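What follows is a set of notes on a single structure, which appears directly below.
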Amino acid sequence: MKNDPDRLPRYTASERANHWLVALTFFLAALSGLAFFHPVFYPLGQLFGGGVWARILHPFFGVAILFFFSSMYLRFRKLCVMTPADWDWLRHVREMIRGDDRDMPESGKLNGGQKLLFWLLAACMALLVLSGIVIWRAYFSPLFPEGLIRFAAIVHAAAGVFMVGLIFGHIYIAIWTRESIDAMIYGKVRRAWAKQHHPAWFREMTGENK
Amino acid sequence: MKVTRRQFLKISAAGLGSSSIAALGFSAAEAQSDVRAFKLARSTETINTCPYCSVSCGLIMHSMGDKAKNNQMSIFHIEGDPDHPVNRGTLCPKGAGLVDFVHSPDRLKYPEYRAPGSSEWKRISWDEALSRVAWLMKDDRDKNFIARNAAGATVNRWTTTSFLAASASSNETGWLTHKVVRSTGMLGFDNQARV
Amino acid sequence: MAPTFGRGAMTNHWVDIKNANVIIVMGGNAAEAHPCGFKWVTEAKVHNHATFIVVDPRFTRSASVADLYAPIRTGTDIAFLGGVINYLLSRDRIQHEYVKAYTNASLIVSEGYRFDDGLFSGYDAPNRTYDRSTWVYEMGPDGFARIDETLQHPRCVLNLMKQHYSRYTPEMVSDICGTPKEQFLRICELLASTSVPNRTATFMYALGWTQHSVGAQMIRTAAMVQLLLGNVGMPGGGVNALRGHSNIQGLTDLGLLSNLLPGYLTLANEKETSYRAYLDKRTPKPLRPNQFNYWSNYPKFHVSLMKSWWGDKATSDNDWCFDWLPKLDVEYDIMRQFELMGQGKMNGYICQGFNPLAAIPDKAKLMKALSKLKYLVVIDPLATETSCFWENHGELNDVKSSAIRTEVIRLPSTCFAEENGSLTNSGRWLQWHYQGAPPPGDAWPDADIMAGIFLRLRELYRKEGGAFPDPILNLTWDYRIPHAPAPEELAREYNGKALADLADPKDPTRVMVKKGQQLDGYGQLKDDGSTACGCWLFSGSWTEKGNMMARRDNSDPSGLGNTPNWAFSWPANRRIMYNRASCDPQGRPWDPNRGLVWWNGAAWTGADVPDFKPDSPPGEGMNPFIMQPEGVGRLFALDKMAEGPLPEHYEPFESPIGANPLHPKVISNPAARVFKDDWESFGTDKDYPYAATTYRLTEHFHFWTKHTRLSSIMQPEQFVEISEELAKEKGIRAGDRVKVWSKRGHIMAVAVVTRRIKPLKVGGKTVHHVGIPLHWGFKGVARGGYLTNTLTPFVGDANSQTPEFKSFIVNIEKA
Amino acid sequence: MALQSLDITRRSATTTRPPSQRRTPEVAKLIDVSKCIGCKACQVACMEWNDTRDAVGTNQGVLDNPPDLTENSWTVMRYAEVETGRGLEWLIRKDGCMHCTDPGCLKACPAPGAIVQYSNGIVDFQEEHCIGCGYCITGCPFNIPRLSKKDSKVYKCTLCSDRVAAGLEPACVKTCPTGAIVFGTKEDMKHHAAGRIADLRERGFAGAGLYDPPGVDGTHVMYVLHHADRPELYNGLRKDPSIGAMVGLWKGAAKPLASLALALAAVGAFFHYVIKGPNEVPKEIEKEFEDEKRS
């Protein structure tokens, strides 16, 4: 499949690796973090050796995800600049969810939703990192006033759960949109897929102007 | 049963969450709670008196062990004696910390000897120590005892060795000390009444 | 206090403080030094609506719960209390009936008595002593002291007092003490409010009075105030000495002092060459008709003691071994001991549970003295500074060990938790305690150590002979295990026993106590050798009924807190001394709601053991202070005080104002003993402008608890306290390290800057205080610190030789 | 629950109620600041009973020592030298856990059973369940719990739950020399306080009163203050403490709602998939490319 000429290269190997490292660390951070989010998730801490280990590891997962996400951010930030067409795309997103994509504006390599996701995730990451430092008891909390720690705790929880929600959505859309996972696994997509989902990019890649 | 909106939300969230997680194969061990075990349950209690100030608060000392032959008693907790009319169970900051006095790292454990000019202690036996003290005392007494003063009156005094008595030793110790000290004719004798 | 009331101990007891209406803490800081006794102050406040006053140079923890606090310059308490006396006398706020009946106010003083320009009659300047022969009563032809019941005679005590204290006006008090006049007057008024029969005030003091060159007189002034107010012998009254150590009362009762024998009997002076002369001097004649005069029993107490020590060897033929006791030329108190040591006249020194290197003044002098010893023996549970004086601890104890030739032997002893025995508290209760665990390592009980030394000494004398071995060879030693006398045996020994069958004095045919039985009390003692008793005061503590000190019935039938069946209280299980004075002359309690004892028509009875002859009816004229030959409280102390019969304000030897506003020529106590070389060690206010005082903190106990982790956590590091004003003047901020020095040396400590110490206006000058807590040293688990006696002067009270730790002068700067 | 020796009414991070039928009387420790001499006996007794020992520290220019609460010092005296209309007052307050009826620490704690509240009102930390996140510190309106560097567990006053369970008073209460700390049922303590307040008012402290802040539904450690109208004089005792809107938001309805939202999103996605089916490349395009390939 790798060398299938029908397929268009979408993500390089390092981009894919980066994505999956982010994904992996996200899962670690999210699962360990959720354990403290609400009692119903507390048993998730067992995945990491119990509540104490979850508490110890969670901030380090955060550091890891910060590292990988930063790399991804540098790779994709230009690509994710929002254009008027992207906003137009977003305005039509409801129709697409409903299963009617006839009027969807043409999207480039990434559509408006993906770009917006990118920026929202970046914002969440920034909030999580900043608030996370403030509430990291073992090392940093003693440096901050209790009021700020309280505020940071809310920010962290809110940003965290929002980010989990975003990723939920991201995963579902990836599943729902058949074959899009191939892009992140193999790096290449079928031309038909490209034409359907990213027509502008398809044209750019193939030189076709259909 | 009235369920508030908030409770309802909690319950539904909890239900949903836990059922889904149970499905994942987790089940949280029920977190058991208990107070710390009561540490005085079977200790041996001994009545004592605080050795610090002259309020002489009543104490109850708690020792490990039940006085059985094969157990060496060790005091691990001291608190006020509630029956004592003066302190009625209370203790001041000094008295409340007495257990650390009993177990102070600076407690002396063996007779020790420091030779003239030396800069260190040497452990010696009780017999060596007491024999040496007795010899030193006798030597000094025999050399400096004054049987008669210049006027020829019998004075039978020994003024070149002095004895400072304790301030917290028992009446019994004090009584014996006085008896021994005066029998030698010593006059330099004082306690901490002044300081 | 003994010169005033007859006995030198806390008149009442801890729980009794709850019965007071006004409580004044002065010359002490009970909340910090005796917190658990202090509880009875808060109880009085809560349950008796008492008003609580604190007078202290510092706003102490006691002051933090006081209704009224007044600052005072250290060392000026006599001026303050003299002012109170002036207030009471000039405004006629005294308990007349009490003063007339129970004090010597109406007795007439000898014509020769004078007080001029700060000196009483009879001063011998070169020897710094008084010829006290004019400080006596005028005797009548009947052999009794003359009296003027109308109180009109110009030389009756009350009028002499009026005259003497008229100089102590509120303005003068404020000028000397720095206490604002309004505060002083408010306190006077509060105290005066207790001059009515049904209100009492109690004074609580401690080392804040004793540790001055005029300490004993400070206490006496308070005692006089209490007599004028009719507060002595009353529940909730009295003058309450809060002793420092747990058994300093007991060890003093047992006479462990240079000039004493057990039970406040005294050693003979070398001038008293015969036993008869010795006894005569100590067995005074009553000064008033029908007086009880308890000291008439002196021979019984003394003979019984000698029988206890030397058994069959003490006989009437050899004056009960009178010559076996040493005779005094001078007093060998601890200050003189060190003076002699420094002069090379002391070869050996034995310290049992005492740390003199930290506990008496002028460390430099002490170090020099200890280094001259041939041998030093230290018996202690802890590694004290004294035992380690030869160790180099850097700047904290900078010595060259090799240059110190003293041989040191250190013997580990048990602590309280590891022995049976009794302690006597400040309220005179003997309480028994029990061993809870064996001692650590090879530590021995003190009694075993003393026995170990004695038996070896006796053996040496037995084998080799030597100087006057008789008292050593013949000392009674019939303990079951000679090298380990049991506390129980020793207690029975000092209680006393009958050496022959004792007949009942009321019915000579009946045997009251059989030979060999324990005595019930000192009333059974005899001067014919038929009783042995180690300490008459403690007699009754271990009778045939058993160990009375171990009694644990805490019931309080009177509700006054007397718990008569708890332990044993000397004398004769009396809880409140002089309690006869709680009744009017007719034998009715002054305050019917607080009846302590009373005359029921046939005998004295009540909630306490009467401190009186139990069958002497009120009409007989016997007076309540039965230890005094005149039976009354002494406002005028006669010849019992070294520096005068009436207390007078003298400045500390190191005074921050360098003058005495009352009499410019006599600044400091003219009768206080100062050793020749020590004059040069005193500084002047020019070089050392700040008043300094040393004190204890509630977190620590002397030099013991720095060995205790828990106490060390609570107050880990040495500090000094100064006012915000002085701090500003000196550029010192809280937490800075400062150097404090006197002419004798310096210490370094952390500065605590506080509003609780305020500069005082004294003699037109601003006086700052530097507060110096004293708990640190070069041994212990707390942070190392300087021994604060590095700073303090080597001078003591003229009567008790208690060092003047509380008032001296220093300089301070940021280190 | 055979282990419990005091009945538990609330348990951290637990959404169901523990067995709650048994009712024990509510207890309270009353600290009468007007009787307190700041002797620190309570500090020592606390350490002694609980077998903790703080470090031997330094003097920081004040009498307060240890200078702050730590994992070993569960109570400290805080000294304030205050000039009021009555002249200098030395206000000495024993600081430590207040055992709130509505405990912020318990609310904030994410570890099930690491913080419990007994039916007698004591809020107790169960260190073996503690995960060391420090959320309780964030949740506490009085800044009391302290995280240990040694074991990363949080410690605070237990109100001597072990002693109380055995029928004794807490160690600090027993030792208090002046009777400034008393212990009993909360009702009795309020009565006792009323007597003390009357006495203080009689002595001229018009503002005397009881500190039992309603913002946390009252506490099981209460103060009698001479200046109850100005608690901040007592080394910054908070005038009207409450768990705070932020902690309320953080630990109140928001989290269950967010959890629910996540769950609903998951459910919604599932049904979306079921109903709408996957988003596939349409047949026309597939066909187009197949044709192209063939051609």
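FYI, it's all coordinate maths here, none of it is from the lab. Being a predicted model, the structure only gives us computed values, none of them experimental. Note that each Cβ is placed from the backbone with ideal geometry, even for glycine, and that neighbours are counted across all protein chains shown.
Compared with the dominant principal axis of the Cα atoms in chain A, helix A:51-76 is inclined by about 30°. Bridge orientation summary for chain C: considering DSSP beta bridges with both residues in this region, about 55 percent are antiparallel. Compute the FRET efficiency between A:Ile185 and D:Leu257 as 1/(1 + (r/R0)^6), taking r as their Cβ-Cβ distance and R0 = 41 Å, and round to the nearest 0.05. Between A:Ile185 and D:Leu257 the formula returns 0.70.
For C:Thr169, C:Thr406, C:Thr708, what ranking results if the residue with the fewest other Cβ atoms within 10 Å of its Cβ goes first?
On the way: C:Thr169 16, C:Thr406 19, C:Thr708 28.
Ascending number of Cβ neighbours within 10 Å: C:Thr169, C:Thr406, C:Thr708.
For the pair C:Trp477 and C:Phe115, the difference between a 0.36 nm per residue extended length and the Cα-Cα distance amounts to 125.0 nm. Each Lys and Arg Cβ is given +1 and each Asp and Glu Cβ -1; about its Cα centre, the stretch D:24-133 then shows a dipole of about 260 debye.
For B:Ile75, C:Ile334, which order do you get if you count the other beta carbons within 10 Å of each Cβ and list the fewest first? Show your work: numbers first, answer last.
Numbers: B:Ile75 21, C:Ile334 27.
Starting with the residue having the fewest Cβ neighbours, the order is B:Ile75, C:Ile334.
Largest GNM mean-square fluctuation among A:Ile167, A:Ile175, A:Ile133, using chain A with Cα springs under 10 Å: A:Ile175. How many percent of DSSP beta bridges within the stretch C:1-140 run antiparallel, rounded to 5? Restricted to the stretch C:1-140, the bridges split so that about 40 percent are antiparallel. Here's how it looks for B:Ser162: its modeled amide H is under 5 Å from those of C:Gly348, C:Tyr349, C:Ile350, which are all 5 or more places away or on a different chain. With the simple spin-label model, which puts each label point 7 Å out from Cα in the Cβ direction, the C:Glu171 to A:Asp6 separation comes to 12.1 nm. What you get for chain D, charging only the Cβ of Lys and Arg (+1) and of Asp and Glu (-1), is a dipole of about 480 debye around the Cα centre. A simple spin-label model places the labels of C:Glu725 and B:Glu128 6.1 nm from each other, with each point 7 Å out along Cα-to-Cβ.
With R₀ fixed at 45 Å, the C-beta to C-beta distance from D:Ala245 to C:Arg186 puts the FRET efficiency at about 0.35. Helix D:283-294 and the long axis of chain D differ in direction by around 50°, with both axes built from C-alpha atoms. Net charge in the neighbourhood of B:Asn171 (other residues with Cβ under 15 Å of its Cβ; Lys, Arg +1, Asp, Glu -1) is -3. Of all DSSP-defined beta bridges confined to the stretch C:676-814, some 65% are antiparallel rather than parallel. Leaving out same-chain residues fewer than 8 places away, which aspartates and glutamates sit with a Cα under 15 Å from that of C:Lys728? Of all the aspartates and glutamates, those that pass the test against C:Lys728 - Cα under 15 Å, at least 8 places apart if same chain - are C:Asp736, C:Glu813. A Gaussian network model of chain D, with springs between Cα atoms under 10 Å, assigns the largest mean-square fluctuation among D:Val281, D:Val164, D:Val27 to D:Val281. Putting +1 on Lys and Arg Cβ atoms and -1 on Asp and Glu Cβ atoms, find which of C:Phe416, D:Pro110, C:Phe625 reaches farthest to the positive end of the dipole of the protein assembly as shown. Going by the charge dipole, the pick is D:Pro110. Relative to the longest principal axis of the Cα atoms of chain A, the long axis of helix A:112-134 lies at roughly 10 degrees. Spin-label model, C:Asp124/C:Asp615: points 7 Å from Cα along the beta carbon direction are separated by 4.7 nm.
The separation of the stretch A:168-204 from the stretch A:1-72, counted between C-alpha centres, amounts to 21 Å. For C:Asp380, the residues whose modelled amide H falls within less than 5 Å of its own, excluding neighbours fewer than 5 places apart on the same chain, are C:Gly353, C:Leu411, C:Ser413. Distance from the C-alpha centroid of the stretch C:281-309 to that of the stretch C:158-222: 34 Å, rounded to the whole angstrom.
Here the alpha carbons of the stretch B:44-102 define both size measures, Rg and Dmax, at 11.9, 37 Å. Compute the Cα gyration tensor for the stretch C:676-814, then decide on rounded, prolate or oblate, letting a ≥ b ≥ c be the square roots of its eigenvalues: rounded whenever a/c is under 1.5, prolate when a/b is larger than b/c in the other cases, and oblate in all that remain. Since a/c reaches 1.5 but b/c is at least a/b, the shape of the stretch C:676-814 is classed as oblate. Net charge in the neighbourhood of A:Cys80 (other residues with Cβ under 11 Å of its Cβ; Lys, Arg +1, Asp, Glu -1) is +4.
Take each uninterrupted DSSP H stretch in chain C, measure its Cα extent along the helix axis, and return the ones at 15 Å or beyond whose mean Kyte-Doolittle hydropathy is at least 0.5.
On the way: long enough: C:35-48 (19 Å, -0.44); C:77-90 (19 Å, 1.38); C:181-192 (16 Å, 0.34); C:215-229 (22 Å, 1.11); C:298-310 (18 Å, -0.35); C:446-464 (27 Å, -0.23).
Once both thresholds are applied, what remains is C:77-90, C:215-229.
Rounded if a/c is under 1.5, else prolate if a/b beats b/c, else oblate: with a ≥ b ≥ c from the C-alpha gyration tensor eigenvalues square-rooted, which is the protein assembly as shown?
On the way: a/c = 2.58, a/b = 2.37, b/c = 1.09.
Taking the square roots of the gyration eigenvalues as a ≥ b ≥ c, the protein assembly as shown is prolate.
Straight-line cross-link reach from B:Lys39 at under 16 Å between alpha-carbon atoms covers these aspartates and glutamates, not counting any fewer than eight positions away in the same chain: B:Asp66, B:Glu79, D:Glu48, D:Asp51, D:Asp162, D:Glu169.
Cα centroid separation, the stretch C:622-643 to the stretch C:412-456: 37 Å. Does the stretch C:337-463 classify as rounded, prolate or oblate by the C-alpha gyration tensor (a ≥ b ≥ c root eigenvalues; a/c under 1.5 gives rounded; else a/b over b/c gives prolate, otherwise oblate)? Prolate, since a/c reaches 1.5 and a/b exceeds b/c. Rounded to the nearest 0.05, the FRET efficiency derived from the C-beta distance between D:Asp51 and B:Ser118 at R0 = 35 Å is 0.30.
If you take every residue apart from C:Gly745 with its C-beta less than 13 Å away from the C-beta of C:Gly745, what net charge results, scoring Lys and Arg +1 and Asp and Glu -1? If you can, show how the numbers build up before the last one.
Numbers: positive: C:Lys363, C:Lys365, C:Lys368, C:Lys739, C:Lys743, C:Arg744; negative: C:Asp362, C:Glu395, C:Asp398.
Within the 13 Å Cβ shell, the charges total +3.
Partners of C:Lys181 within straight-line reach, counting aspartates and glutamates whose Cα lies under 16 Å from its Cα and excluding those fewer than 8 residues away in the same chain: C:Asp56, C:Asp77, C:Glu171, C:Glu189.
Computed from backbone phi, the HN-Hα couplings of the stretch C:252-269 come to 6, 4, 7, x, 7, 9, 3, 9, 10, 10, x, x, 6, 6, 10, 6, 6, 7 Hz, rounded to whole numbers (Karplus: 6.51 cos²θ - 1.76 cosθ + 1.60, θ = phi - 60°; Gly and Pro given as x).
Taking D:Pro103, D:Pro214, D:Pro256 as the candidate residues, the one with maximal mean-square fluctuation in a Gaussian network model of chain D, Cα springs under 10 Å, is D:Pro256.
For the residues C:Ser106, C:Ser569, what sequence is obtained by ranking on other C-beta atoms within 10 Å, fewest first? Intermediate results must be reported in sequence, preceding the final value.
On the way: C:Ser106 22, C:Ser569 28.
Final ranking by Cβ density, sparse to dense: C:Ser106, C:Ser569.
Taking amide H positions as modeled 1.01 Å from N, with prolines and chain starts lacking one, the residues under 5 Å from B:Gly80 and 5 or more places away or on another chain are B:Ile60.
Just from its helices, what would the mean residue ellipticity at 222 nm be for chain C, if runs of 4 or more DSSP H residues each count -39500 (n - 2.57) and the sum is divided by every residue, rounded to the nearest 500 deg cm²/dmol? Don't skip to the end; give the middle numbers.
On the way: 22 runs with 189 residues, N = 815.
Estimated from H runs of four or more residues: -6500 deg cm²/dmol.
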